[in-house]
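Structure, as structure tokens:
The values are calculated or read from the model by the stated rules, or taken from the named source; none is laboratory data. These numbers come from a predicted model, not from an experiment. In this analysis, Cβ positions are derived from the backbone assuming ideal geometry, glycine residues included, and neighbour counts consider all displayed protein chains.
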Amino acid sequence: MKKARFSIGILFFICGLNFATWATRIPDFKSFLQLSDAELGTVLMGLPIGSLVSLPIAGWLLTKYASKWISLMAIAMYVIVIPALSLAASAYTLFIGLFFFGMSGDIMNIAMNTQVVSLEAKMNKIIMSSFHAVFSIGLMAGAFLGGYLEKESYSPFEHFSIIAFLNIALVPLILGNLLKDKPVQDESKPNSSILNLGPYLIVLSLIAFCGMLCEGAMADWISLYFKEYSPNSTFPITIGFSSFAAAMVIGRFMGDKISFKYGISSILVLNGLLLSVGMLLTLLVPSIYFKIGGCFIIGLGISTIVPLVYSQAGNQKEIMPSIAIAGVSTIAYIGFLLGPVIIGYLSDFVGLDKALYLLVILGFVAAFISKTFASAK
């Protein structure tokens, strides 16, 4: 099981690394293509649209192939799409590139989380949160590497080609150790449909959607917020995101233990409250130190929402676990990709500082739904 756990962890690392690679170059594309915040938001719509289109494709793939082979297919897509993305010379071609980037990410997201659910069943314990910690480590690694390569004047094509090569280089480490689960073809559960999740999974999806939307917004906009609203700080503009990402890693490594001790529903309520309180602290208190602390609290709040929801989805008995994961994770991942888009549009109308209050609202919404979810169980 150790080899399988390591290999699945690499999938999560790759997914985080690839997303951060794109995210670190957003300012370059915005400047090169001379896009406003709203125009950038429109271009970013390519990501969630690609993710949404991949939903029925993922459902079909799950009936034909094991999640191991779907994971490897997603890596192959990444290797093609990432370098091609760097060659976008207009808003239209960038939109198309992001469409396929969104498809690649969602297919990887579904496959790797299905692998974890299979591993949890074999080990008879919840370990989802630790894998999402590895995703956050991939985000941090991608952010640091992207910052270094940009500082050393590497072009987006050179940068993205290096990441594509890393994707290829990691495949031999996982090829023989991913779990060989079976395609979804269980006739004893006729309701097993990726488009027929049912009330329980829809509620879980909404909680995950709120958390992932906030995570995507933080990843793409918090550094710009620090640049615009703390211009005299001696800290680098990435300090807020670094604090947020560090808290995500810490929270996710602790998530499995604390959820076992205090209960998943209670932790989900706490997650939403921490998210809202941290965002209020970041936005309302002028001190740079409080803003950094606020980002840390936000990271703790968001950290365990998605892994706990995915574990719940995978362990329910109504429909096939892999189908449940596919549906819930797709809705959540669309939130992750929509976050930057929505904040971009709002920022153009009311300013970035006011646009980020959306995260405060979503934190309270997630806490309320989680409380209702706990009462209804």
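Here are the numbers:
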quantity	calculated
Ile137 under 14 Å from the mean Cα position of the chain (by Cα) and part of a helix (DSSP H, G or I)	yes
Residue match in segment 94-109 (condition: farther than 24 Å from Ser243 by Cα and assigned to a loop (DSSP other than H, G, I, E, B))	no
Matching residues, segment 9-61, being crowded, with 19+ Cβ neighbours inside 10 Å and basic (Lys, Arg)	Arg25
Subset of segment 327-356 [β-branched (Val, Ile, Thr) and in contact (Cβ under 8 Å) with a residue 24 or more places away in the chain]	Val328, Thr330, Ile331, Ile334, Val341, Ile342, Ile343
Leading residue by the ranking (surrounded by the fewest Cβ atoms within 10 Å (Cβ to Cβ)) among those in segment 246-288 that are farther than 25 Å from Ile222 by Cα and of a type in the set (S, T, N, Q)	Ser266
Options Ser104, Ser129: the member that is at pLDDT below 85, within 15 Å of the chain's Cα centre (by Cα), closer than 20 Å to Leu17 by Cβ and buried (at least 22 other Cβ atoms within 10 Å of the Cβ)	Ser129
From Phe135, Phe144, Phe100, Phe131, residue being aromatic (Phe, Trp, Tyr) and more than 22 Å from Met248 (Cβ to Cβ)	Phe100
Contacts under 9 angstrom Cβ, first residue in segment 12-27 being closer than 21 Å to Val306 by Cβ, partner part of a helix (DSSP H, G or I) and among the acidic types (Asp, Glu), 6 or more apart	Ala23/Asp220
Some residue of segment 108-125 being over 21 Å from the mean Cα position of the chain (by Cα) and among the charged types (D, E, K, R)	yes
Filter result (surrounded by 24 or more Cβ atoms within 10 Å (Cβ to Cβ) and either assigned to a helix (DSSP H, G or I) or at pLDDT 95 or above (or both)) within segment 298-310	Ile298, Gly299, Gly301, Ile302, Ser303, Ile305, Val306, Pro307, Leu308, Val309, Tyr310
Pairs with Cβ under 7 Å, 6+ apart, first in segment 145-167 and without any contact (Cβ under 8 Å) to a residue 40 or more places away in the chain, second in a helix (DSSP H, G or I)	Leu149/His159
Considering residues of segment 340-369 that are modelled with pLDDT under 95 and of a type in the set (Phe, Trp, Tyr) only, the residue nearest to Leu213 (Cα to Cα)	Tyr345
